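I have placed the structure first, in the form of structure tokens, so that the comments after it can refer back to it.
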């Protein structure tokens, strides 16, 4: 199946915390960084997720924010470190391509003003921020 979701990573389930309706799934990405997905309990069961199992992680590029330094005091669980590989700019929007530390890639669709304000260029160190509710999982 081909998907329009630009960010497709793989990882291993490291923990599942089940709730009455929602669950959190902790994932160790191939490069070693940790990611959390908040999904329904039905999804955990339908995908037959288990600790140690492999999953595909899907994140729309419009749901990735970038920061140029360490970030504290946020409820956003996913803070992935990386380096900007390139920035494609358009009239109002841009796409930053980020090489994650220790492997993997993300794209972030952000405004052109944000690129300018943050001074994003190839080689910029960034932290990619993704709310756990914006992370989708697929059985690998």
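Quick note: the coordinates plus some simple rules give every number you see, no bench work behind them. Since we're looking at a predicted model, the values are computed, not measured.
Can you tell me which of 37, 128, 94 moves the most in a GNM of the chain? Springs connect C-alpha atoms under 10 Å apart. Between 37, 128, 94, it is 94 that shows the largest mean-square fluctuation.
From helices alone, the chain scores -2000 deg cm²/dmol at 222 nm; the rule is -39500 (n - 2.57) for each run of n ≥ 4 DSSP H residues, then divide by the residue total.
Once the Cα gyration tensor of segment 7-139 is found, what semi-axes does its equivalent ellipsoid get, as square roots of 5 times the eigenvalues, in whole Å, sorted largest first?
On the way: eigenvalues 160, 39, 33 Å².
With the √(5λ) rule applied to segment 7-139, the semi-axes are 28, 14, 13 Å.
When the chain is treated as a Gaussian network with alpha carbon springs shorter than 10 Å, the biggest mean-square fluctuation among 98, 87, 51 belongs to 51.
Please tell me the relative contact order of the chain in percent, rounded to the nearest whole number, where contacts are Cα pairs under 8 Å and at least six residues apart. Could you put the intermediate results ahead of the total?
Values: 334 pairs, mean separation 41.5, N = 140.
Contact order relative to length: 30 percent.
Of 21, 130, 84, the residue with the greatest mean-square motion in the GNM of the chain, using alpha carbon springs below 10 Å, is 21.
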